[in-house]
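Asks: Handing you a structure now.
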Amino acid sequence: MATTKLKFIKSTLRKAIDYIVNPEKTEGGTLVYSYGCSVETADLEMLLTARRGTGRGGRIAYHLIQSFAPDDDITPAKALELGTEFARGVTGGKHEFVVSTHVDKDHIHNHIIFNAVDYVSHRKYHSDERDKYRIRDINDEICKSNNLSVLPKYDAKRKSKYRNTHKEKKVSWQKKLRADIDNAIRLSNTFEDMLYVLEMEGYEIKRGKYISFRAPGQERFTRAKTIGDSYTEEMIRERIINKDKEPKVLIEETNSPQKQQVLSETKEQYVQKNKDFSSRRINLLVDISKNIKAQQSEAYEHALVRNNINTLVKTMNFLISHKITNPKDFQIYAEAKDAEYSLYRKDVKKIETELTALSEKIKFTQNYKRNAHVYYESRQVQDPEVYAREHKDQLVLFHASEIYFKRKQMNPKEVNLSDLFERYRELSAEKAELDKKCNSLKQEIRELKVVAENIEKSTGEDIVGKETNKKNLEGEKGREI
């Protein structure tokens, strides 16, 4: 069974990296891959990124182990490929990491060491109980799509209980945007750099007369000029130029009673919207004969009967609206939706891979261009050793960039950062549209499963077929806990 284990590293990062890239365990070092850093200087590069970190704590990196079952049909090269995909999924392509595949035991397994601080916004990785479920889901999805075994599904109720108990306090979109822009300004040298940082945080950006931003999960774009006088495009550009004079904590501009009322109304509208959606959702029929509360309370039993009648009406309306009149129609429709979802997911994965590669290329290009003068000066000074000690960090970043471009067989002087940023924006927009389609299809696939179960409970007829139901519909529920 494919399993995962997450550990943290507080010291001896170089020692940990040397262990996982050991040539004796990785077929002479051929089963090693690095992202955002060079294997030779990964520890130094991670520490340089960590120094700019905004969070606290002694964890400098994480060590993630991905193990495959001995009877899984997988080659070392394929394991390294899946380990790299797994690392990108866990880190979101924002953290430097090193992946290695070990073949010295009876089962193939991957070691992944990734920086505790991401190199885009320099925020610390947060690991808790919920993150363990997220990592498990990512690994299970990768293994299932490659016909590898996974552990039995964990208790969904336990996960739901944890989520409900540890819900974070909701923050208004305006307040979140202000904080993220402030952070991006601190990390940027140009306006384009600032937009890139926000894009790496998942924001969609719309350029026009007024620049607008939309955070992941936000319904509408927010014009920057509406969140404060300090957030117009002109002011942001000016703040980047004078960022050294920026106060460490900006005064919030949302304390006026008028704005507090607007934020309160927005929250109420959000709650009402979700309440309305819940009323439209199709639920599963309840077996009243097996419900303990229904046996103890006649009023509760009547409430369940009314609920079941309402559920049956919604189920039939779903079938009518989709022109499904027999089991064959239902099976064809379900298979078509599953196939459509799979195609969209493949497109999303393809874009995510290109975005990750672009992010890495942008990082190394920036490091090369920013530190090239230091390298050339080091070759002309009278005392190179003293100069190298004084500029150690810059030289490390420059040489790591050289290694990257040599591996990619590219000339860094020919790389245009503006073109990279533009391509990144185009792909982000494409991905946002595909994500919307995927989410809509995923919801419909869930409804199909519920409809199938409701019909089977009410009529005793399996309108999908056990194998189709298991393959096309149950998998969706398994991935969404």
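Computed from the coordinates by the stated procedures, all read-outs in this text should not be read as laboratory data. Since this is a predicted model, take the numbers as computed values, not measurements. Cβ: placed from backbone, ideal geometry, glycine included. Neighbour counts: every protein chain shown.
Asks: Pop the C-beta distance of Asn411 and Glu456 into the FRET formula with R0 = 51 Å and round what comes out to the nearest 0.05.
Replies: Taking R0 as 51 Å, the efficiency between Asn411 and Glu456 is 0.20.
Asks: In Å and whole numbers, how far do the C-alpha atoms of the range 340-397 stretch along each principal axis, longest first?
Replies: Here the Cα extents, ordered largest to smallest, are 65, 15, 10 Å.
Asks: Counting Lys and Arg as +1 and Asp and Glu as -1, what is the net charge of the other residues whose Cβ lies under 14 Å from the Cβ of Thr353?
Replies: Result for the neighbourhood of Thr353: +1.
Asks: Can you give the FRET efficiency for Asn147 and Val305, using 1/(1 + (r/R0)^6), R0 = 45 Å, r = Cβ-Cβ distance, to the nearest 0.05?
Replies: Computed FRET efficiency for Asn147 and Val305: 0.50.
Asks: Working out 0.36 nm times the residue gap between Lys124 and Asp435, then minus their Cα-Cα distance, what length gain in nm do you get to one decimal?
Replies: Full extension of this stretch gives 109.4 nm more.
Asks: For Asp383 and Lys175 in one chain, what is 0.36 nm times their gap in residues minus the Cα-Cα distance, to one decimal in nm?
Replies: 69.8 nm
Asks: Computed FRET efficiency, Cβ-Cβ of Glu422 and Thr353, R0 22 Å: what is it to the nearest 0.05?
Replies: Once rounded, the FRET efficiency stands at 0.75.
Asks: Taking the Cα centre of the range 188-236 as the origin, how large is its charge dipole in debye, to the nearest 20, when only Lys and Arg (+1) and Asp and Glu (-1) carry charge on their Cβ atoms?
Replies: Rounded to the nearest 20 debye, it is 300 debye.
Asks: May I pose another question? What distance in nm lies between label points placed 7 Å from Cα along the C-beta direction at Leu312 and Lys290?
Replies: Label-label distance for Leu312 and Lys290, simple model: 1.9 nm.
Asks: Round to a whole angstrom and tell me the spacing of the C-alpha centers of the range 1-53 and the range 62-122.
Replies: Centre-to-centre distance over Cα atoms comes out at 10 Å.
Asks: Measuring from label point to label point, each 7 Å out along Cα→Cβ, what is the Arg134 to Glu340 span in nm?
Replies: 3.0 nm
Asks: Based on alpha-carbon positions alone, could you give the equivalent ellipsoid semi-axes of the range 92-134 from the gyration tensor, as √(5λ), descending, whole Å?
Replies: Here the semi-axes work out to 25, 15, 7 Å.
Asks: Once Lys and Arg get +1 and Asp and Glu get -1 on their Cβ, which of Ala429, His391, Ala452 lies farthest toward the positive end of the dipole of the range 380-464?
Replies: Selected residue: His391.
Asks: Also, I was wondering about something else. Would you mind calculating the gained length between Arg51 and Asn22 on full extension (0.36 nm times residue separation, minus the Cα-Cα distance), in nm to one decimal?
Replies: Roughly 7.7 nm would be gained on extension.
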